[in-house]
1. Under a Cβ-only charge scheme (Lys and Arg +1, Asp and Glu -1), can you give me the dipole magnitude of the protein assembly as shown about the Cα centre, in debye to the nearest 20?
2. Once you put a point 7 Å from the Cα of A:Trp195 and another 7 Å from the Cα of B:Asp137, both along the Cβ direction, what distance in nm separates them?
3. So, in nm, how far is label A:Asp40 from label A:Arg18 when the simple model puts each one 7 Å beyond its Cα toward the Cβ?
4. With unit charges on the beta carbon (Lys/Arg positive, Asp/Glu negative), name the residue among B:Leu84, B:Ser111, A:Ser83 whose Cα is farthest towards the positive pole of the charge dipole of the protein assembly as shown.
5. Measure off 7 Å from each Cα along the Cα-to-Cβ vector at A:Val204 and A:Ala150, then give the distance between these two points in nanometres to one decimal.
6. Output ³J(HN,Hα) for the range B:208-215: one whole-Hz value per residue in order, computed from phi by the Karplus curve 6.51 cos²θ - 1.76 cosθ + 1.60 with θ = phi - 60°, and x for Gly and Pro.
7. Hey, which aspartates and glutamates would be in cross-link range of B:Lys162, C-alpha to C-alpha under 13 Å, not counting anything within fewer than 8 residues on its own chain?
8. How shielded is B:66-74 by partner chains, expressed as the average number of their Cβ atoms within 10 Å of its Cβ atoms?
Amino acid sequence: MHADAFDRFHEAESRLHRLDPRVKVVATVLFILSNALLPDGAWAAYGLAWSALLWANQLSSLGVDYSFRRSFIALPFALAAVSAIFSPVGHPLAEWALGPITLIPTDYGLIKFGSILLRSWLSVQAAILLVATTRFPDMIHAFEHLHVPAVLTTVVSFLYRYLFVLSDEVLRLLRARQSRSATVTGYRPGRNVAWRARVTGNMVGQLFLRSYERSDRIYNAMLARGYTGQMRTLTPHVMLAGDWVFAVFSMVILLLLQLIGRF
Amino acid sequence: MPVTHPSLPLTTPLLQGCDGDVLKVADLHFHYPDHHEALRGVSLNLCEGEKVALVGPNGAGKSTLMLHLNGILTGEGEVNIAGLRIEPENLPTIRAMVGLVFQSPDDQLFSPTVFEDVAFGPLYMGLPEDEVRERVDEALEMVLMSDYRERLSHHLSVGEKKRIAIATVLSMRPQILVLDEPSAGLDPRARRGLINLLRDLPITMLISSHDLLMVRELFPRMVIMDEGRIVADGPTAELMEDEALLEAHGLEKP
């Protein structure tokens, strides 16, 4: 009955799941950084980056196309780069008149757009893979090890904790409303938009009140069990030989990517 | 631990001559998205005016079954309310016929004041304002809470919230009242008040409860559920004497 739509962790026994979360977090962040630094039109480097991603997918035992299948959710955000197509630099390819505005796509702009799209797509997939193979507390733990400020990690971990509380609460409120949203013959149901909007507004208010009180209770319960501001996890974080190998190997690939992309 | 009681004739309804004219559930199966099988072939008939208690351990499928009775959950099988089969297109009508009261009254009450909460159902139906007022007054009177009209739901005691939650569905004039653990968390006085209220409500009723004392006092017919199945269905007085049966399904003779 609980909404677990946000939890993207996929339980599996794999090389990537067992990898030290610190290695995974660092490799993912550097992979994203590397993508951002690659120049436009470095197709060979993009191709290699994608192969690396496929290889990581393979290691996760979730399927070679796992991160690809999940990545479409982020595509709408890439549309923000559409304006790059109409870059004033480069050779015009066509001329579209939209009323008073004339849009001129250029070859340079098109390459830029394609590059942005690919790079963000690759980065999103890396993040998806990280979240799918790392338990959330482990991820927070990794961030703590990497000296991310405690305030940030605490805020993120609470956000995560309460997201579920909040969505469960929403689910129950909606269910209660649904149960009493009925029709009888001869009358038009639903009254009018203004009334329904008012009810929805009331529900949002109730939701705030309840989640506020509930979060207080949860926090008290956490304190009562000795919570001191740090997420604990039973998974021991010890860098094994395999973790070092993976870390070094990823760094080499990232360096190679940059070299190929630039020369 | 799977327990079966093949010795009990499950198919014989208690009242003869009625084919489940208010509620008829036939071979209902349901599993949650995580593949946990919550209902494994539940069949249940309720006749007009019957008051039936649904008992069984936590996780037996009682709440899941109740969420099927107004179509919030839809499993495989058949659910009929007063002859109307639950299907997507008649859900709004079904919801006017089934008054479902959730276990936690906090889940039920989502408006700022008692009046607005009790009025939600009738208002949504699009009834004229005079009739809405009349229904709210009637419903609050039935649960003996007429003085609470303008109170803030948020600030009531659990027992008061429970009564208001019942009023919110009574105002829709349902054919059957479905209550999920109505006496849970009530102090003895509030519990006694609730028992008297449920006794006096002249309406078909299906309640789930762990409160076997209340069940014995109030409900002539008892249905025991365990592991997604109905394992016994019969006169409360008889089933309560079968200590082996009660014990096998995590219940205690009161």
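1. 1640
2. Calculated label separation equals 1.9 nm.
3. 4.5
4. A:Ser83
5. With each label point 7 Å from Cα toward Cβ, the separation is 3.6 nm.
6. Per residue, the Karplus-derived 3J(HN,Hα) values read 9, 7, 9, 8, 5, 5, 5, 4 Hz.
7. Within reach: B:Asp106, B:Asp107, B:Asp117, B:Asp180, B:Glu181, B:Asp187.
8. 2
Read the figures in this text as sums done on the coordinates, not as results from a lab. Just so we're clear, the structure is a prediction, and the values are computed from it rather than from any experiment. Cβ atoms come from the backbone with ideal geometry, glycine included; neighbour counts cover every protein chain shown.
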